[in-house]
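Reading through the structure tokens given below for one structure.
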Amino acid sequence: SGYQNAKRMRRRRRLLPIYTLTVLLLTACVGVALSMTVFFNVASIGVSGTAPQYTPSEIVEAGGAQKGDNLLKLNVEQIEENIETELIYIESAEVSKEYPDAVSIEVRACRESFNIFFDNGILLTSESGKIIANSSEVSGKLPVIYGFNPTVLTPGKHVESSDEVKNEVFHTFAELMSKEFSVPITSIDMSDKYNIVVIFDDRIEF
């Protein structure tokens with residue numbers, strides 16, 4: 001009888017690691033399942049930043065996140081892309097998860113920056129090249145760009161040229177012009193990409 005008891009004890013000791021591992025795996029599975037269903041559900045969505053054209057609820061709706069969504073499953077990049085594409089006057093959206101149950105959306109409004117001429121009209125764009133409007137009239141006293149040859153004309157998207165060199169030229173000038181010049185640039189003519197003409201203050205040609 002003592003021999004059998006000792007044998008049973010040895011068998012239990014051998015099986016103990018397997019029992020422990022099984023319990024740990026079951027606990028982990030239950031924890032994951034609860035995290036995806038019961039815990040970390042969105043209770044609040046906050047909006048900050050400056051975008052006077054839209055209300056916070058319009059921004060939240062455009063993003064697609066809703067109260068009750070699971071925070072772990074939210075695709076932050078997709079929400080940002082939704083807001084930036086659907087809401088034309090928003091330059092950028094930065095979405096972050098705030099555990100255990102909140103989402104934060106920070107937005108920055110577009111600043112009207114350029115009039116880009118093309119064969120059938122004029123594109124009003126932000127400083128990054130996001131198209132705000134496609135119209136037949138120049139908007140304000142903004143710098144004018146000629147010869148860019150845009151292939152993307154849809155508001156909400158970023159303008160692109162049929163010529164990659166002209167894309168680079170545009171973004172280089174846009175970055176420069178985001179800083180303050182003592183003499184402002186009035187227009188840029190890149191019809192000939194090897195002979196770009198820049199007019200400063202409506203009177204100085206370079």
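The values are calculated or read from the model by the stated rules, or taken from the named source; none is laboratory data. Remember, it's a predicted structure, so these values are computed and weren't measured experimentally. With ideal geometry, Cβ positions are generated from the backbone for all residues, glycine too; neighbour counts draw on all protein chains shown. In case anyone asks, the SASA skips ligands and DNA or RNA and just uses the protein heavy atoms, side chains included. Shrake-Rupley method; radii C 1.70, N 1.55, O 1.52, S 1.80 Å.
Things worth noting here:
- Test set (1) touching a residue at least 40 places away in the same chain (Cβ under 8 Å); (2) assigned to a helix (DSSP H, G or I); (3) among the polar types (S, T, N, Q) - Gln78 fails condition number: (1)
- The stretch 128-178, residues that are among the charged types (D, E, K, R), over 23 Å from Asn195 (Cα atoms) and part of a loop (DSSP other than H, G, I, E, B): Glu137, Lys141, Lys157
- Residue check for Ser136: closer than 30 Å to Phe170 by Cβ, modelled with pLDDT under 95 and open to solvent by 70 Å² or more (accessible area, probe 1.4 Å): yes
- Members of the stretch 156-169 found to be out of contact with any Ser or Thr (no Cβ under 8 Å at 6 or more places or on another chain) and either open to solvent by less than 50 Å² (accessible area, probe 1.4 Å) or of a type in the set (Phe, Trp, Tyr) (or both), listed by number: Asp163, Lys166, Val169
- Any hit, the stretch 98-112, residues being modelled with pLDDT of 90 or more, under 30 Å from Thr186 (Cβ atoms), of a type in the set (A, V, I, L, M, F, W, C) and not in a helix (DSSP H, G or I): yes
- Scope the stretch 87-131; condition small (Gly, Ala, Ser) and surrounded by fewer than 19 Cβ atoms within 10 Å (Cβ to Cβ); matching residues: Ser92, Ser96, Ala102, Ser104, Ala109, Gly121, Ser128
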